[in-house]
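What follows is one structure encoded as structure tokens, with my remarks underneath.
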Amino acid sequence: DEPAFSYAMIPFGDRFTWYPSMPYTAGLEAAFEQRFGYNPRPWLPLLYHEAGAGKLRFTSQYWDTCRYLYQENYFGAIYRFCEAHGVKATGHLVVEEDFHNHLGQQAGNIVCHFRYMHIPGMDWIHAFEGRFLRLPSTTPKYPTSMAHLMGRPQAWAETFAASGWGMTPRDMRRLVNWEHVNGISMQIPICYKY
């Protein structure tokens with residue numbers, strides 16, 4: 001439930017002490033060089049400083065290498081384990097509804113991670129009220145589009161968990177309808193009040 005590439009990249013206000021950082025692991029330089037054909041070490045300062053056209057190319061390649069390692073070593077490892085043991089890999093990412101969080105929390109390309117899910121998922125745990133009055137229809141399109149492209153018959157949604165005690169059956173139906181119209185075919189009702 002809600003894996004993230006890095007919570008350190010997003011300031012969360014009072015919830016966590018924020019320590020801005022860049023991702024790094026021992027195998028990153030070798031993976032980068034294998035993918036792009038040059039040693040990234042001399043270019044690392046570009047992650048923190050402006051330096052013209054080379055910065056954009058290097059930064060994009062750096063983040064793509066981080067995304068690749070995250071995708072293969074986390075989602076890919078789970079998927080391969082499930083494949084070998086006859087079970088289905090599934091899950092959903094954290095804050096998939098906020099596009100600006102995709103870089104810091106999912107290494108920039110969330111749809112790549114859905115490739116490694118037999119049943120890709122999402123959550124929409126809020127009622128249609130307040131700042132959630134208008135739901136971003138892109139949110140269910142990430143898992144449902146990848147399910148469609150990969151020939152997977154289902155995509156699911158964790159629903160209702162933060163909707164509160166005042167949610168009516170009519171509100172619940174409205175939320176489920178919205179999810180299904182946008183491609184969700186399976187519900188996981190969490191913490192619904194009755």
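The values are calculated or read from the model by the stated rules, or taken from the named source; none is laboratory data. Small disclaimer: the values here were computed from a predicted structure and weren't measured. Cβ placement follows ideal geometry from the backbone for every residue including glycine, while neighbour counts extend to all protein chains displayed. Heavy atoms of the whole protein, side chains included, go into the accessibility calculation; ligands, DNA and RNA do not. Shrake-Rupley method; radii C 1.70, N 1.55, O 1.52, S 1.80 Å.
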Kindly evaluate Phe132 against the criterion of being of a type in the set (Phe, Trp, Tyr), at pLDDT 75 or above and surrounded by 15 or more Cβ atoms within 10 Å (Cβ to Cβ). no
So which residues in the range 78-107 are modelled with pLDDT under 90 and β-branched (Val, Ile, Thr), if there are any at all? Val94, Val95
When every residue in the range 172-194 that is of a type outside the set (Phe, Trp, Tyr), open to solvent by 60 Å² or more (accessible area, probe 1.4 Å) and more than 20 Å from His148 (Cα to Cα) is compared, the one modelled with the lowest pLDDT is Cys191
Looking at Gly151, Gly166, can you tell me which residue is open to solvent by 50 Å² or more (accessible area, probe 1.4 Å) and at pLDDT below 85? Gly166
Inside the range 61-97, the number of residues satisfying the requirement of being within 16 Å of the chain's Cα centre (by Cα) and not acidic (Asp, Glu) is 20
Out of (1) modelled with pLDDT under 85; (2) in contact with a His (Cβ under 7 Å, 6 or more places away or on another chain); (3) not basic (Lys, Arg), the one Gln71 does not meet is (1)
Restricting to the range 42-67, name every residue that is out of contact with any helix residue (DSSP H, G or I) (no Cβ under 7 Å at 6 or more places or on another chain) and either without any contact (Cβ under 8 Å) to a residue 40 or more places away in the chain or among the polar types (S, T, N, Q) (or both). Pro42, Leu44, Pro45, Tyr48, His49, Glu50, Ala51, Gly52, Ala53, Leu56, Arg57, Ser60
Starting from the range 79-105, keep only residues that are basic (Lys, Arg), then list their pairs with residues that are modelled with pLDDT of 90 or more and surrounded by 13 or more Cβ atoms within 10 Å (Cβ to Cβ) whose Cβ atoms are within a distance under 9 Å, requiring at least 6 positions of separation or different chains. Arg80/Ala89; Arg80/Tyr116; Lys88/Cys82; Lys88/Met117; Lys88/His118; Lys88/Ile119
Within the range 142-194, residues β-branched (Val, Ile, Thr) and part of a helix (DSSP H, G or I) come out as Thr144, Val176, Val181
